[in-house]
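J.: The structure is given below, and queries will be raised subsequently.
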Amino acid sequence: MLLDELNHRVKNTLATVQSITTQTQKSSPTPEAFARALEGRVLALSRAHELLTESAWQGASLQDVVQRSMSAQRINGEHVSISGPRIRLDPNASVSLSMAFHELSANAVEFGALSNGSGHVDVSWAMDGVNPGVISVVWQESGGPPVSTPFERGFGSGLLERALPRELGGTISLEFNPDGLRCVMRLPLSRKLETMA
């Protein structure tokens, strides 16, 4: 039984790495950009697995997933605020959201609010006031360089706009406002995401 579970996890992880590699290659303009992006994404996957190992693969809290993703980018705490009720993620949701927050934080450091040393990122989540049973997670950047809608959507946008809703349900919107990127995830509570007492 334990060997079957291990085999299943290894196969899933290798399939994920293969998909990340293929998609990163498609969206990378140079071999150097490919190597840099692939390394960051594989390390994000590794950090998600490390976090899950700490709980014997029982899941992780949303706060831990966000904090681990931000600290991996060496983001100074004074430029980030993280708040929300205790939400427990199952292993699949932990990995999916770890990858999503890696993409958001890497983008903020390279192009967004955290690229100039004076910007700020606010990550918050709460029960959706309109839709019961839905949690709204908001990533809001401010104080960075002016933002414009990109001409092409890359790996991160694809992950956020297509893969994450497919994995977790719900909706994801990316708003490229001039004063900062805003990403809103509206995710249904389920076995994958649940409130903690």
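Values in this text are rule-based calculations from the coordinates and carry no lab data. All figures in this text were calculated on a predicted structure; none of them were measured in a lab. A quick note on method: Cβ atoms are made from the backbone with ideal geometry, for glycine too, and the neighbour counts reach across all protein chains shown.
J.: Quick one: if the Förster radius is 22 Å, what FRET efficiency do D122 and R153 give, using the C-beta to C-beta distance and rounding to 0.05?
T.: Once rounded, the FRET efficiency stands at 0.40.
J.: Below 13 angstrom from the Cβ of M127, what's the summed charge of the other residues (Lys, Arg +1; Asp, Glu -1)?
T.: So the environment of M127 carries a net charge of 0.
J.: What is the local net charge at S69, summed over the other residues whose Cβ is closer than 13 Å to its Cβ (Lys, Arg +1; Asp, Glu -1)?
T.: With Lys, Arg at +1 and Asp, Glu at -1, the neighbours total +1.
J.: For I82 and V42, FRET efficiency with R0 = 35 Å and r from the beta-carbon atoms, rounded to 0.05?
T.: 0.90
J.: Along the charge dipole of region 35-85, Cβ charges K/R +1 and D/E -1, which of A56, G40, S83 sits furthest on the positive end?
T.: G40
J.: I would also like to ask the following. Which order do E175, E141 fall in if you start with the one that has the fewest other Cβ atoms within 10 Å?
T.: Lowest to highest Cβ neighbour count: E175, E141.
J.: List the residue ranges in the chain for DSSP H helices whose C-alpha atoms run 30 angstrom or more along the long axis and whose Kyte-Doolittle average is -0.5 or above. Each step should come with its number before you reach the end.
T.: On the way: long enough: 2-27 (38 Å, -0.58); 31-54 (34 Å, 0.03).
Helices passing the filter in the chain: 31-54.
J.: Turning to a different aspect of this structure: If I model a spin label as a point 7 Å beyond the Cα along the Cα-Cβ vector, how far apart are those points for S142 and R162 in nm?
T.: Simple spin-label model gives 3.4 nm for this pair.
J.: May I pose another question? Would you mind ranking S173, S105, S55, S136 by Cβ crowding within 10 Å, fewest neighbours first?
T.: Listing S173, S105, S55, S136 from fewest to most nearby Cβ atoms yields S173, S55, S136, S105.
J.: Using a 7 Å offset from the Cα along the Cα-to-Cβ direction at both Q63 and N177, what is the distance between the two label points in nm, to one decimal?
T.: Label-label distance for Q63 and N177, simple model: 2.6 nm.
J.: Computed from the coordinates I sent, Cα Rg over 2.2 N^0.38 Å equals one of (1) 3.41; (2) 1.19; (3) 1.00. Tell me the label.
T.: (3)
J.: Here's a follow-up. Under the Karplus relation 6.51 cos²θ - 1.76 cosθ + 1.60, θ = phi - 60°, what is the ordered set of whole-Hz ³J(HN,Hα) values for region 163-177, x standing for Gly and Pro?
T.: 5, 5, x, 5, 6, 10, x, x, 9, 10, 10, 10, 10, 8, 6
J.: Just from its helices, what would the mean residue ellipticity at 222 nm be for the chain, if runs of 4 or more DSSP H residues each count -39500 (n - 2.57) and the sum is divided by every residue, rounded to the nearest 500 deg cm²/dmol?
T.: Using -39500 (n - 2.57) per qualifying helix, the result is -15000 deg cm²/dmol.
J.: Using the Karplus curve 6.51 cos²θ - 1.76 cosθ + 1.60 with θ = phi - 60°, what ³J(HN,Hα) values do you get for each residue of region 115-127, in whole Hz, with x for Gly and Pro?
T.: So the Karplus estimates, Gly and Pro as x, are 8, 10, x, 10, x, 8, 10, 10, 10, 9, 8, 7, 5 Hz.
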